[in-house]
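Encoded as structure tokens, the structure appears first; notes follow it.
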Amino acid sequence: MQRESRSLIWGIILIAIGFIFLGNNLDWFRLEWEGLWPLVIIGGGVLFWIGWLANRTEFGLLMPGTILLVYGLMFEYSALHGWYHMDDLWSGFLLGPGLGFFFMYLLGNREKGLLIPAFILIVLAILFWMGEESFRFIWPILLIVVGIYLLVKNRFKSSPVSGEADGLKEEKES
């Protein structure tokens, strides 16, 4: 039964692709390869994810699937709206593997070692995106907010606890 369903799926896929190319060759519609080729990359990423959905123990499929999806989306956007957008999107080349590691951790065996490269790559991608013109004010403000948080968080934690501890010591001495 499994073999028959695979034949059915592949048969439908091949017939659809054949009709698409035939329609293009007969001028029923016009396919512009310049805007469509990234869909092949996106399709490859989707196939890797489908492979993982079919066998959830094969979480290694998530890495190439995620990379192909992220890169394919970047290429499709640039192909449709202009390749000059790659000046802003290039840090997606770090984001793809970073998300791949993250999904391998999240949907796999929860190996903590996967979080280290995921965190590094995702943070680097975000930092490089923040260096772009549209983000040039956001990341310094974010750094200031995080710095203030780090300075203030320990003061609030230590004050009530030490005060309570001193009060308890005084009650015991009385």
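Of Arg6, Arg30, the sequence from fewest to most neighbouring Cβ atoms within 10 angstrom is Arg30, Arg6.
Shape of the range 32-136 from its Cα gyration tensor (a ≥ b ≥ c, root eigenvalues): rounded if a/c is under 1.5, otherwise prolate when a/b > b/c, or oblate? In terms of gyration-tensor shape, oblate.
Only the coordinates and a few stated rules stand behind these numbers; no lab work does. From a predicted model like this one, the values you see are computed outputs, not experimental measurements. Here Cβ is always computed from backbone atoms with ideal geometry, including for glycine, and neighbour counts include all displayed protein chains.
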